[in-house]
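Take this structure, written in C-alpha cells, and hold onto it; I'll ask about it next.
The values are calculated or read from the model by the stated rules, or taken from the named source; none is laboratory data. Since we're looking at a predicted model, the values are computed, not measured. For neighbour counting, all protein chains shown are included, and Cβ atoms are generated from backbone atoms with ideal geometry for every residue, glycine included. Please note that ligands, DNA and RNA were not included when accessible areas were found on the heavy atoms of the full protein model with its side chains. Shrake-Rupley method; radii C 1.70, N 1.55, O 1.52, S 1.80 Å.
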Amino acid sequence: MSAPVSFAGVVGWPISQSVSPTMHNFWIAQYGLDAEYIPLAVKPEDFAEVMARLPEKGFAGVNVTIPHKEAAFKLSTTLDTNARAAGAVNLLVFDQGKIHGRNTDIPGFSAALTESFGPGIARAAPAVVLGAGGAARAVVLALIHQGAFDIRILNRTETRARNLIDLVQDKGTKLSAPDWGDWNAAFEGAGLLVNTTSLGMIGKDALHIPLEHLPRGAAVADIVYNPLETALLADARARGHRTMDGLGMLMHQAVPAFAAWFGVTPQVTPDLRAVLEEKLRGVKP
Ligand code: ATR
C-alpha cells in the first residue's frame, strides 16, 4: 500500500497520553480518507524548527497542546478572532507558506456546553469557573460569547484570577474573583459550575468541594476527561445535578481542525465517544 497523501498530528511534550490520534484516525477511517494523524513529541526549543519542516513532509496542519500553545500563537502568520482573544493557538493550518493559527478550544467548549445543557445555560444564571490557567481562559471566553452576565472565577492563586479578568474584560459581563474556599458566596444563585483546574486528573488530588450551597438546578461541568467521572462529577451526580464530562470539549474542539485539514466536517457521535472511552481505560498517567 502507498503512503497516505496527507498527514496531520498533535504536537506536545510529552504527547504519549494524547487520545487525539485515536479520535482523528477514527474519523479518517470513517470517511475513507487517505491520511494519517500522528502524535509528535517535540521539545519546546525545537518547536519552531519542526513546524517549519512539517508542510514539506505532507502535513496539512497540526493540533498544538501543552506546552506549545503560546509558541504557536507567536509563529502564526494569521490568527483568528478566538486565538487573538485567548492569546493561545491549539490549531495550525499550513497553507502555501502561511501558517494560520486558530483556537478551537473556545468554540469546542461552547458546543459541548450547548449539547449537554441546551442553549442559554450561560445566560440563565451566574456561572462559577474554578481555575485561572489557559483552560480557564478558553472557558470564560466561551461563556462570554454565550452571553454570560455574571462569571465568578475562583483560583487558588487569586492574582491569576484577577489577571484573567483583566485579560477578558467584557463590558456586558460582570466578572469577579471570590476567594478560593468562599464557596457560599460563589455558589449563591449559580446555574453552572465548571472545573478547569488540573485537580481530579489521574495522578493529581481529587477536587472535593462542598456543593450544599450550589442550587439544585445548577449544572456541573469538568474539563478533565481522565478519569471521565471525576470526584467533582460524582459528588454532583449524587446530589442530582446535571453533569458534563471533559470528553465533550475534547471531541468538539477537534471538529473544526479536521474540517480545516481534510475538507470534511466530522460528526461527534456515540460511536466516537465509545472508542475514546475504551482508549482512556488503557491510558495511564
Ligand atoms: P491549564 O493551561 O491547563 O489551565 P495551568 O495554567 O497550569 O494549566 O493551570 C492549572 C490550574 O489548576 C490553575 O488554575 C491552578 O491554580 P494556581 O493558579 O493557583 O496554580 C490550578 N491548580 C493546580 N493544582 C491545584 C491545587 N492543588 N489546588 C487548587 N488549584 C490547583
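Can you pull the one-decimal nm distance between simple spin-label points at ARG53 and LYS174, each 7 Å off the Cα toward Cβ?
Reported label-point gap for ARG53 and LYS174 is 5.5 nm.
Share of antiparallel DSSP beta bridges in the stretch 126-285, in percent to the nearest 5?
Values: 0 of 18 bridges.
DSSP beta bridges in the stretch 126-285 are roughly 0 percent antiparallel.
With an 8 Å Cα cut-off and a minimum separation of 6 or more residues, compute the relative contact order for the stretch 106-247 in percent.
On the way: 287 pairs, mean separation 30.9, N = 142.
With pairs under 8 Å counted, the relative contact order is 22 percent.
ARG84 accessible area, nearest 10 Å², 1.4 Å probe?
150
Something else about it: Quote the FRET efficiency, to the nearest 0.05, computed for HIS208 versus LEU167 with a Förster distance R0 of 25 Å and r equal to the Cβ-Cβ distance. Working shown, then result.
On the way: r = 29 Å, r/R0 = 1.17.
The pair HIS208/LEU167 has a calculated efficiency of 0.30.
Which far-off residues, 5 or more places away or on another chain, put their amide H under 5 Å from the one on VAL220, with H placed in the peptide plane?
It is LEU193, ARG242, THR243, MET244, by chain and number.
Would the stretch 106-247 count as rounded, prolate or oblate if I go by the C-alpha gyration tensor, calling it rounded below 1.5 in a/c and otherwise prolate when a/b exceeds b/c, oblate otherwise?
rounded
Can you list residues whose amide H is under 5 Å from ILE202's amide H, if they're 5+ apart or on another chain and H is modeled 1.01 Å from N?
Amide H neighbours of ILE202, under 5 Å, 5+ apart: ASN226.
Solvent-accessible area of LYS204, probe 1.4 Å, all protein chains present, reported in Å² to the nearest ten, please.
110
In addition: Enumerate the lysines that LYS74 could reach by cross-link, defined here as Cα to Cα under 27 Å, with residues fewer than 8 away along the same chain left out.
Qualifying lysines at Cα under 27 Å: LYS43, LYS57, LYS98.
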